[in-house]
Amino acid sequence: MLATATLFLAMMVPLVWSPGPNNVMCATVGAKQGVKESVPFILGLNVPIFVYALLTGFGLAALLNSIPRLAPVLTLLGALYVVFLGVKLLRASSGGNADDVQYGFRSGLVISSLNVKVVAVLVAMYSQFANDDRYFSFVLAVSFVLVCVVGHLLWNAIGRVSSQVIKNEKFLRIQNRFYGALLAGVGIWMFLSAWNTSVAEP
């Protein structure tokens, strides 16, 4: 049991905690709203991850393989939404009040629902810990979400600390522009990646 848990953490932590759309968003929201106010966003982010984890254990990967164009289309939509949030933050920081841009449960839900690349990580996870027991699949899904939640909270806290280190209006404007540009960049990268995948499909 201990060996399985160690292998699980050694495999999942680098995959889940590395920079990506969800983690970048957590840092952005943490910098803007603080950790406490970010909880609804993080909850929204992890509900679809839990659903995807359960469904992958029960055959979602086979469904996506049978409809090869579904995953890229969902990723394209998710990419466009991330770009939209980035541009919204950029515009707010350059013209209006960046604090007007709030990220709650719905934003997290949409971003995570359309980020089907998480299924690739889940397929890798289930392939290493294959077991026909439904209870085991449920425990694995819960464990995966817990790793995600901890990673999201860490990125969120990093974003918050960075905004608290220098409480300077000019610095905060630069930070908002940085996160806005980073979000837009991640969204564009997601879009191009999904577009290339969809074009490559026969």
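The values are calculated or read from the model by the stated rules, or taken from the named source; none is laboratory data. Since the model is a prediction, treat every value here as computed from it, not as a measurement. For accessibility, only protein heavy atoms count, side chains too; no ligands or nucleic acids. Shrake-Rupley method; radii C 1.70, N 1.55, O 1.52, S 1.80 Å.
Observations
- The 1.4 Å probe gives accessible areas that order PHE129, PHE84, largest first, as PHE84, PHE129.
- In plain terms, the bigger the Kirkwood radius, the slower the diffusion; for segment 3-44, with that radius from Cα pairs, at 25 °C and 0.890 mPa s, Stokes-Einstein puts D at 211 µm²/s.
- Largest-first ordering by accessible area, 1.4 Å probe, given options TYR126, TYR103, TYR135: TYR135, TYR126, TYR103
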